[in-house]
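Participant: Encoded as structure tokens, here's the structure I'll be asking about.
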Amino acid sequence: MSRKLKMDEALIVGAGQARYSKVADRTIPQLLYEAGNAALENAGLEWGLVDGLALTSFLLPPDNGATISEQFGLETRFLFQGLYGGASGVIGLNHAARAIADGACDVVLVIAADAFDVASHNNTLDHFNGSVRDFMSPQGFGGANGMFALHTRLYMERYGAKVEDFGLFCMSLRANASLNPNALLRQEMTLDDYLHAKKIADPLRLYDCVMPCIGADAVVLVSQRVAKQTRGAPVRILAAQEIHNAHKNDIYSNPGGWDMFRDSLYGRAEVKPENLDFAQVYDDYPVMAFHQLEGLGISDVGKTADFIKNKGITTRGEFPVNTGGGQLSAGQPGASGGMIGLFEAVCQLRGEAGNRQIECKTGVVAGYGMVAYGRGLCSSATILQRG
Amino acid sequence: MTKILQKPQPRVNSLTEPFWEAINREGKLLIQKCQEGVCGKYIFYPRVCCPFCQSSKLQWVPAKGTGVILSNTTIHRPHHEGFIAECPYAFAAVELTEGPCIYTTLLGAPLDVSLVGRRVTMKPEQHGSNQKIPIFTLV
């Protein structure tokens, strides 16, 4: 229980986003600054107080946390650089909370930013790691689309899911995005639109695949002492966990690891899945959102399609999922795709989500990333509650 | 003149050299086998140690070149311009008879249908001027 008390030392007091765009109109440092600035303004804090950075960006090198500290004129006592793709946002938050609990720092900006289009995204993925570069790319794997088409096919074979089931998920997220001014895809999508979209990697069609884009997301995490100076409702981190290379040496039984830490995550948070008011999951592909909802014990294994049909996952549904439209409708700004859920959860819990506001007190955010030989290696999740 | 688009090439290093040498020179598919008696697992992609028992005693051994499709897709939009001319084409994860998973373009396979569980066999295919790669076809 001491670990839980320590997590309580750090509070999320603000969230911000850079403007999402389809064209690479800003550099990574510009995007980091824009999102960080928005999060600090939301919290009512000054840049001068920032003494920690948790940054995630595929395109940040050769810059890094130290050079960004220099560029922004910050003296930082805690730096984290996320190398775990879409799992990094939650992981950075987790590590920053521990650093604050240890007294290492008081104000950490957790920011992710990237600037991708389809070609540059494929180019990055082609060289993502040695096994992909040498034993998947020359074989014509089709990038992340091909890799997750294989998982989608298997999910359909195992559980009898239909493409229409993934379609309903995508349509629900699009309905949520229609209420999010920063989402890039906001026009209504019908099942017909979904089914007749061009094939990408069978059984995946266009709207199953995230659109790479330009953007950044940030949250600001502070000590109890600093939290007193901020505005708006603070958000508590009840628990956060990560696992890498879960289900080792087994690519296809379960492509994520949330099931492996679910019991300890809920145990430490002292909440149950039925106490959650929403989930923000990493939706690079619908099938991965299904695996997260199942891994986190929200829906039964193989039954997520029924869960979506019966409960409804739009902001008007019984259990809203990806209330800002997720990456599938907002866009995927590279590694910042892993921060969309965190941004959205904090907005919702602070009651600042505008037209898409839902009634909520407690929610879960999950991350997933670092695609390697056949699957993503990194899974993370955190349970957040309005303070 | 049409530009000939090069497909992405594997990088050969000290660890993977035996694999590429065998496929290039003899058309053989080599995988690793853990030499620890209690383990003895077969391994692919190439590793520095056994991912089951962490032993460094690994040996290259010829694989049968047969397996079963774990899952498959049809690539309509390739990740690399070198594959544009072949689109759409079938791609699969194959469980080798020895156990490990290997990825392959499926030559001559039907498109946009599930091939899960179908048996496949390997043959080396030219992949650029100085390189071969193992490619599988349906039995």
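Participant: Within segment A:153-171, how many residues turn out to be within 20 Å of the chain's Cα centre (by Cα) and of a type outside the set (A, V, I, L, M)?
Facilitator: Here is the first cut: in segment A:153-171, the residues within 20 Å of the chain's Cα centre (by Cα) are A:166, A:169-171.
Right, trim to of a type outside the set (A, V, I, L, M) and you get A:166, A:169-170.
Within segment A:153-171, residues that are within 20 Å of the chain's Cα centre (by Cα) and of a type outside the set (A, V, I, L, M) number 3.
Participant: Could you tell me whether A:Lys361 is out of contact with any helix residue (DSSP H, G or I) (no Cβ under 8 Å at 6 or more places or on another chain), modelled with pLDDT of 95 or more and over 22 Å from A:Leu204 (Cα atoms)?
Facilitator: Values: out of contact with any helix residue (DSSP H, G or I) (no Cβ under 8 Å at 6 or more places or on another chain): no; modelled with pLDDT of 95 or more: yes; over 22 Å from A:Leu204 (Cα atoms): yes.
Answer is no for this residue.
Participant: Hey, does segment A:192-201 have a residue that's within 13 Å of chain B (Cβ to nearest Cβ), crowded, with 24+ Cβ neighbours inside 10 Å and within 25 Å of A:Val301 (Cβ to Cβ)?
Facilitator: Step one: filter segment A:192-201 for residues within 13 Å of chain B (Cβ to nearest Cβ), giving A:197-201.
Applying the additional criterion that residues be crowded, with 24+ Cβ neighbours inside 10 Å yields A:201.
Imposing the further condition that a residue be within 25 Å of A:Val301 (Cβ to Cβ) reduces the set to A:201.
Checked against the condition, which is being within 13 Å of chain B (Cβ to nearest Cβ), crowded, with 24+ Cβ neighbours inside 10 Å and within 25 Å of A:Val301 (Cβ to Cβ), segment A:192-201 yields at least one hit.
Participant: State which residue is surrounded by the most Cβ atoms within 10 Å (Cβ to Cβ) when the search covers only segment A:53-72 and only residues that are assigned to a loop (DSSP other than H, G, I, E, B) and free of Cβ contacts under 8 Å to residues at least 12 places away in the same chain. Show your work before the answer.
Facilitator: Here is the first cut: in segment A:53-72, the ones assigned to a loop (DSSP other than H, G, I, E, B) are A:57-64.
Applying the additional criterion that residues be free of Cβ contacts under 8 Å to residues at least 12 places away in the same chain yields A:61-62.
Working: A:Pro61: 10, A:Pro62: 5.
Step by step, filter segment A:53-72, then rank; the result is A:Pro61.
Participant: Among the residues of segment A:190-199, are any β-branched (Val, Ile, Thr) and part of a loop (DSSP other than H, G, I, E, B)?
Facilitator: Within segment A:190-199, one or more residues are β-branched (Val, Ile, Thr) and part of a loop (DSSP other than H, G, I, E, B).
Participant: Going through segment A:242-277 one residue at a time, which ones are of a type in the set (Gly, Ala, Ser) and away from every other protein chain (no Cβ under 14 Å)?
Facilitator: Initial filter on segment A:242-277 (of a type in the set (Gly, Ala, Ser)): A:246, A:253, A:256-257, A:264, A:267, A:269.
Answer for segment A:242-277, where residues must be of a type in the set (Gly, Ala, Ser) and away from every other protein chain (no Cβ under 14 Å): A:Gly256, A:Gly257, A:Ser264, A:Gly267, A:Ala269.
Participant: Could you list, in sequence order, the residues of segment B:45-60 that are surrounded by fewer than 21 Cβ atoms within 10 Å (Cβ to Cβ) and either in the same structural domain as B:Ala93 (by TED's automatic domain parsing) or within 17 Å of the chain's Cα centre (by Cα) (or both)?
Facilitator: Across segment B:45-60, the qualifying residues are B:Arg47, B:Trp60.
Participant: Kindly indicate which of A:Gly146, A:Gly160, A:Gly86 is within 14 Å of another protein chain (Cβ to nearest Cβ), buried (at least 21 other Cβ atoms within 10 Å of the Cβ) and out of contact with any Leu (no Cβ under 8 Å at 6 or more places or on another chain). Step through it out loud before you land on a result.
Facilitator: On the way: A:Gly160 fails: buried (at least 21 other Cβ atoms within 10 Å of the Cβ); A:Gly86 fails: within 14 Å of another protein chain (Cβ to nearest Cβ).
Within the list A:Gly146, A:Gly160, A:Gly86, the selection yields A:Gly146.
Participant: For segment B:61-81, indicate whether the set of residues that are aliphatic (A, V, I, L, M), in a loop (DSSP other than H, G, I, E, B), surrounded by fewer than 21 Cβ atoms within 10 Å (Cβ to Cβ) and modelled with pLDDT of 95 or more is non-empty.
Facilitator: No, because not a single residue in segment B:61-81 is aliphatic (A, V, I, L, M), in a loop (DSSP other than H, G, I, E, B), surrounded by fewer than 21 Cβ atoms within 10 Å (Cβ to Cβ) and modelled with pLDDT of 95 or more.
Participant: With part of a strand (DSSP E or B) and either under 27 Å from A:Thr314 (Cα atoms) or touching a residue at least 60 places away in the same chain (Cβ under 8 Å) (or both) as the only criterion, which of A:Leu293, A:Leu265, A:Leu238 stands out? Give the steps one after another, and end with the answer.
Facilitator: Numbers: A:Leu293 fails: part of a strand (DSSP E or B); A:Leu265 fails: part of a strand (DSSP E or B).
Answer to the check: A:Leu238.
Participant: Within the bounds of segment A:180-202, is there any residue that is of a type in the set (Val, Ile, Thr) and in contact with a strand residue (DSSP E or B) (Cβ under 7 Å, 6 or more places away or on another chain)? Quick ask: steps written out before the conclusion?
Facilitator: Just the residues of segment A:180-202 that are of a type in the set (Val, Ile, Thr), to begin with: A:190, A:200.
Keeping just the survivors that are in contact with a strand residue (DSSP E or B) (Cβ under 7 Å, 6 or more places away or on another chain) gives none.
Within segment A:180-202, none of the residues are of a type in the set (Val, Ile, Thr) and in contact with a strand residue (DSSP E or B) (Cβ under 7 Å, 6 or more places away or on another chain).
Participant: Counting only residues that are assigned to a loop (DSSP other than H, G, I, E, B) and buried (at least 16 other Cβ atoms within 10 Å of the Cβ), how many does segment B:1-35 have? Even if it seems obvious, please write down each step before you answer.
Facilitator: Quick first cut of segment B:1-35, residues assigned to a loop (DSSP other than H, G, I, E, B) only: B:1-16, B:27-29, B:35.
Next, from what is left, pick out any that are buried (at least 16 other Cβ atoms within 10 Å of the Cβ): B:7-10, B:16, B:28-29.
The total comes to 7.
Participant: Specify the residue that is surrounded by the most Cβ atoms within 10 Å (Cβ to Cβ); the eligible residues are those in segment B:96-118 that are outside any loop (DSSP other than H, G, I, E, B) and more than 9 Å from chain A (Cβ to nearest Cβ). Let's see the steps before the verdict.
Facilitator: Our first condition is that a residue be outside any loop (DSSP other than H, G, I, E, B); within segment B:96-118, this holds for B:96, B:101-107.
From what is left, the residues that are more than 9 Å from chain A (Cβ to nearest Cβ) are B:96, B:106-107.
Numbers: B:Leu96: 21, B:Leu106: 24, B:Leu107: 15.
Within segment B:96-118, the match that is surrounded by the most Cβ atoms within 10 Å (Cβ to Cβ) is B:Leu106.
Participant: Something else: Return the residue satisfying two criteria in turn: it lies in segment A:308-350 and is without any contact (Cβ under 8 Å) to a residue 60 or more places away in the chain and farther than 18 Å from A:Arg174 by Cβ, and of such residues it is surrounded by the most Cβ atoms within 10 Å (Cβ to Cβ).
Facilitator: Ranking the candidates gives A:Asn310 first.
Participant: Considering only residues that are touching a strand residue (DSSP E or B) at 6+ places or on another chain (Cβ under 6 Å) and assigned to a helix (DSSP H, G or I), which ones fall in segment A:303-339?
Facilitator: Listed by number, the residues that qualify are A:Gly334, A:Ala335, A:Ser336, A:Gly338, A:Met339.
The values are calculated or read from the model by the stated rules, or taken from the named source; none is laboratory data. All figures in this text were calculated on a predicted structure; none of them were measured in a lab. Please note: Cβ atoms are built from the backbone with ideal geometry, for glycine as well, and neighbour counts cover all protein chains shown.
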